[in-house]
1. Hey, any hits in segment 48-59 for a residue that's among the β-branched types (Val, Ile, Thr), at pLDDT below 90 and under 16 Å from the mean Cα position of the chain (by Cα)?
2. Quick one: in segment 45-60, of everything that is within 21 Å of Asn137 (Cβ to Cβ) and out of contact with any Ser or Thr (no Cβ under 8 Å at 6 or more places or on another chain), which residue is surrounded by the fewest Cβ atoms within 10 Å (Cβ to Cβ)?
3. Among all residue pairs at least 6 apart or on different chains, which show Cβ distances below 7 Å where the first residue, located in segment 76-89, is under 11 Å from Val110 (Cα atoms) and the second is open to solvent by less than 60 Å² (accessible area, probe 1.4 Å) and at pLDDT below 90?
4. Among (1) over 17 Å from the mean Cα position of the chain (by Cα); (2) under 22 Å from Asp136 (Cα atoms), there is one condition Phe34 misses while meeting the rest; what is its number?
5. Taking the residues in segment 109-133 that are under 16 Å from the mean Cα position of the chain (by Cα) and either more than 23 Å from Leu41 (Cα to Cα) or among the aromatic types (Phe, Trp, Tyr) (or both) as candidates, determine which candidate is surrounded by the most Cβ atoms within 10 Å (Cβ to Cβ).
6. Determine whether Ile66 is over 27 Å from Asp136 (Cα atoms) and β-branched (Val, Ile, Thr).
7. Does any residue in segment 40-69 that is closer than 19 Å to Asn94 by Cα come within less than 9 Å, Cβ to Cβ, of a residue that is among the acidic types (Asp, Glu) and at pLDDT 90 or above six or more places away or on a different chain, and which pairs are these?
8. Can you find, within segment 61-108, the residue that is farthest from Gly118 (Cα to Cα) among those that are open to solvent by 30 Å² or more (accessible area, probe 1.4 Å), assigned to a helix (DSSP H, G or I) and not hydrophobic (A, V, I, L, M, F, W, C)?
Amino acid sequence: MAAIDMLTGGFIGAFIGAAIVTMIFSAIALYIYFAFVFSTLANKMKHKDIAWLAWVPIANLALIPILAKKKWPWVFIFLVPFANIVFFIIWTWNIYEFRKYPGWLALIPVLFFLPVVGFIAGIAELVMWGIVAWRDN
């Protein structure tokens, strides 16, 4: 019986380890993707002098209000719970419209909270940011 318990524990440990490694690689891939997206948007929206900011962790959040034509101190709104979500959607709406895409597409993250649709909304959000960054409309 002890051998079965050790074997089961080994499988569970391996599964948890694989899940952690997968999450780390996914987080790094998402970070690089969004760094490219925001760097490209900064260049296309005539903010070439601060496009490097897209590659700095946490500081890259400062690009979002700047790209939405707000002053940089607006970045501190990210410290306010719930308000940060609302302002992120508003700023995303502004960025989409500046790039000549429908602003209502910024509401896609609202669908994250629905069980089955949330995963699809997450992928749609990634695709939408890529389209806005790399495709000229």
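1. Yes, segment 48-59 has at least one match.
2. Lys46
3. Listed pairs, sorted by first residue: Ile89/Pro109.
4. All conditions are met except number (1).
5. Trp129
6. Criteria not met by Ile66.
7. Ala42/Asp49
8. Pro73
The values are calculated or read from the model by the stated rules, or taken from the named source; none is laboratory data. Because the structure is a prediction, the values reported are computed rather than measured. Counting neighbours? That spans all protein chains shown, and the Cβs are built from the backbone with ideal geometry, glycine included. For the accessible areas, the whole protein counts, side chains as well, though only heavy atoms, and no ligand, DNA or RNA atoms are used. Shrake-Rupley method; radii C 1.70, N 1.55, O 1.52, S 1.80 Å.
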